[in-house]
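Values in this text are rule-based calculations from the coordinates and carry no lab data. The model shown is predicted, which means the values in this text are computed figures rather than measured ones. Neighbour counts are summed over all protein chains in view; Cβ atoms, including those assigned to glycine, are modelled from backbone coordinates with ideal geometry.
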Amino acid sequence: MVTETSMAAAERLGFDVVKQSQFPSSDHVPFHQAGIPAAMYIWLGGEGTPQDYTIERYYHTPQDTLEENVCVERLELSLELVGSAVFDLVRKPVPALEKSAVRNR
């Protein structure tokens, strides 16, 4: 559900840079293995598959610090995406809204 909600939020917000992939060795995998829905938000270049991608410059190195490896623009995009997805999950259904043009944005 986390992935589907995130992808729906990305589409609704017009974020065409958001893509879905599976990475079997990332930090979110133990959550999946424990049955806890999880998602990884990371900036990847290339095709976005484990076989062909480029990753953030200092990812998982000693230089992987807030000062060296956090891009404010990407952080804002991620927060907007997560906020939109969470809002969509927790808001109460409003029958009139479900039929409106606003819902389909």
>> I need the phi-derived Karplus couplings for segment 69-76: 6.51 cos²θ - 1.76 cosθ + 1.60, θ = phi - 60°, integer Hz, Gly and Pro marked x.
In response: 10, 10, 9, 4, 5, 5, 5, 4
> Where does each of 61-71, 79-89, 32-42 land if you order them by average Cβ count within 10 Å, highest first?
Replying inline: 79-89, 32-42, 61-71
> Stretch V72-D27 to full length: gain in nm at 0.36 nm per residue minus the Cα-Cα span?
Replying inline: 14.1 nm
> With each pseudo-label sitting 7 Å past Cα toward Cβ, what's the A38-E80 distance in nm, one decimal?
Replying inline: 2.8 nm
